[in-house]
Amino acid sequence: MHTDISIVHNKLATRAPAFTAFCQDERMSTPNYTPAGWYDDGSGRQRWWDGQAWGQFADEAPAFASQASAAPAYAAAVLQGALVGEKKLNVLALVSLIVAVIGFIFACVPGALIIGWILLPIAFVLSIVSLFLKGDKKWLGIIALVLSIVGTIVGVMVFIGVIARSVDEAFSGGETTVTRPESTTAAEAPEEGEPAAAPQGTRENPYPLGSEVSNGNWSVVVNAVNPDGNPIVAAANQFNEAPPAGSHYEIVTYTITYLGADSASSSEVGVDVVTSAGNVVNSYDTFVALDDEFGFEELFTGATVTGSQAFLIPDGQTIVVRVSPGYFADEFFVQP
């Protein structure tokens, strides 16, 4: 009996490693929830476990090992991206940029300026909101914000330009032209080598007396200039001031005709004088009343009025008359 037990013990001892490995293989090959990866299979070596059965040893398949080890990391990255959520396009920023671009374009077009003024504030608000939203490409919202601000500034400048042009057209009456009297001839062209004369109608090269300065609203003709206006001023009103020592009055007589629609005031026409010293003298610089002086006459289309203005001029100086047929009309000079 003792001999039989010894024999069994010896057999078990010799077969123990194989039996142990077999048990481990059987235990690990059964279904379980151990995730795939590299594990010690009990032999001291790393071996690939695919979740159901053992595979190759790590030292027997290095290429497979590197790929297999990268697979869990890639899977983890995909899983993390799915859980966190990839960044999406900031749609509101894109919309604000599109609206800002369209608004900027309309803000530069005088006829469609109002559309630009509507779209640009909308783009401004949308761009501000887009900067607080999650999503990629927020720089679109920043560009839209800057563009909406710049577009608004441009729109204001265009609006000012439109208003200025409208006012100029309304009060200037359009392009100003000058018609010389028939008794005069145009200035001859300078001979070769001589310096060119100043443009006709300037202070250096004024038009002759009797020239008609006109535009779409007014026609002005300087009829005469009386350099000895002291007796006329003294006879017109006893309260008129006598000229100070070293000066005298000169009387400018001119005719204005209204050519525009409806009616307008004769005060829109400007007539003053410039002395040879370069000083501008206006009729209202002194309180002088004349019998036929201009006031604020209202004229309808085709109406004409003739009057005079007195100007206080320093002795020894000559004058040229400056005519402007409207508040913002071009001005021309006439030689007495």
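Taking the stated definitions as given, is residue 278 exposed (fewer than 13 other Cβ atoms within 10 Å of the Cβ), modelled with pLDDT of 90 or more and more than 22 Å from residue 335 (Cβ to Cβ)? Before you say what the answer is, go through the steps one by one.
Working: exposed (fewer than 13 other Cβ atoms within 10 Å of the Cβ): yes; modelled with pLDDT of 90 or more: yes; more than 22 Å from residue 335 (Cβ to Cβ): no.
Taking the combined requirement at face value, the residue does not satisfy it.
Condition first: open to solvent by less than 70 Å² (accessible area, probe 1.4 Å) and at pLDDT 90 or above. Now tell me which residues in region 176-204 satisfy that.
Matches in region 176-204: 202 only.
If we scan region 295-318, do we find a residue that is touching a residue at least 40 places away in the same chain (Cβ under 8 Å), out of contact with any helix residue (DSSP H, G or I) (no Cβ under 8 Å at 6 or more places or on another chain), more than 14 Å from residue 252 (Cα to Cα) and small (Gly, Ala, Ser)?
Among the residues of region 295-318, at least one is touching a residue at least 40 places away in the same chain (Cβ under 8 Å), out of contact with any helix residue (DSSP H, G or I) (no Cβ under 8 Å at 6 or more places or on another chain), more than 14 Å from residue 252 (Cα to Cα) and small (Gly, Ala, Ser), which makes the answer yes.
Within region 205-245, take every residue that is among the aromatic types (Phe, Trp, Tyr) and not in a loop (DSSP other than H, G, I, E, B) and give me the one that is least open to solvent (accessible area, probe 1.4 Å). Even if it seems obvious, please write down each step before you answer.
Restricting attention to region 205-245, the residues satisfying the condition of being among the aromatic types (Phe, Trp, Tyr) are 207, 218, 239.
From what's left, not in a loop (DSSP other than H, G, I, E, B): 207, 218.
Numbers: 207: 30, 218: 0 Å².
Out of the qualifying residues, it is 218.
Among (1) within 45 Å of the chain's Cα centre (by Cα); (2) of a type outside the set (A, V, I, L, M); (3) open to solvent by less than 50 Å² (accessible area, probe 1.4 Å), which single condition is residue 255 missing?
Condition (1) is where residue 255 drops out.
Kindly list, by first and then second residue, each pair from a residue in region 246-267 that is without any contact (Cβ under 8 Å) to a residue 60 or more places away in the chain to a residue that is open to solvent by 10 Å² or more (accessible area, probe 1.4 Å) and of a type in the set (D, E, K, R), limited to pairs with Cβ atoms under 8 Å and residues at least 6 apart or on different chains.
253/292; 263/298; 264/298; 265/297; 265/298; 266/297; 266/298
Taking region 258-271 on its own, how many of its residues are surrounded by 14 or more Cβ atoms within 10 Å (Cβ to Cβ) and either touching a Lys or Arg at 6+ places or on another chain (Cβ under 6 Å) or not in a strand (DSSP E or B) (or both)? Walk me through it before giving the result.
Here is the first cut: in region 258-271, the residues surrounded by 14 or more Cβ atoms within 10 Å (Cβ to Cβ) are 258-260, 264, 266, 268-271.
Of the ones still in play, those that are also either touching a Lys or Arg at 6+ places or on another chain (Cβ under 6 Å) or not in a strand (DSSP E or B) (or both) are 259-260, 266, 268.
Residues flagged as surrounded by 14 or more Cβ atoms within 10 Å (Cβ to Cβ) and either touching a Lys or Arg at 6+ places or on another chain (Cβ under 6 Å) or not in a strand (DSSP E or B) (or both) within region 258-271 amount to 4.
Does residue 162 satisfy the condition of being aliphatic (A, V, I, L, M), closer than 30 Å to residue 220 by Cα and modelled with pLDDT under 80? It would help to see each step written out before you state the result.
On the way: aliphatic (A, V, I, L, M): yes; closer than 30 Å to residue 220 by Cα: yes; modelled with pLDDT under 80: yes.
Against the criterion (aliphatic (A, V, I, L, M), closer than 30 Å to residue 220 by Cα and modelled with pLDDT under 80), residue 162 qualifies.
Test of understanding: among 117, 139, which residue is farther than 30 Å from residue 328 by Cβ and open to solvent by 60 Å² or more (accessible area, probe 1.4 Å)? Walk me through it before giving the result.
On the way: 117 fails: farther than 30 Å from residue 328 by Cβ.
Of the residues listed, the single one that is farther than 30 Å from residue 328 by Cβ and open to solvent by 60 Å² or more (accessible area, probe 1.4 Å) is 139.
So which of 298, 293, 331 is within 21 Å of residue 201 (Cα to Cα), surrounded by fewer than 18 Cβ atoms within 10 Å (Cβ to Cβ) and of a type in the set (D, E, K, R)? Outline the logic, then answer.
Working: 298 fails: within 21 Å of residue 201 (Cα to Cα); 293 fails: within 21 Å of residue 201 (Cα to Cα).
Sole residue among the options that is within 21 Å of residue 201 (Cα to Cα), surrounded by fewer than 18 Cβ atoms within 10 Å (Cβ to Cβ) and of a type in the set (D, E, K, R): 331.
The values are calculated or read from the model by the stated rules, or taken from the named source; none is laboratory data. Quick caveat: nothing in here was measured; it's all calculated off a predicted structure. Cβ atoms come from the backbone with ideal geometry, glycine included; neighbour counts cover every protein chain shown. Accessible surface is based on the protein model in full, side chains and every heavy atom, while ligands, DNA and RNA are left aside. Shrake-Rupley method; radii C 1.70, N 1.55, O 1.52, S 1.80 Å.
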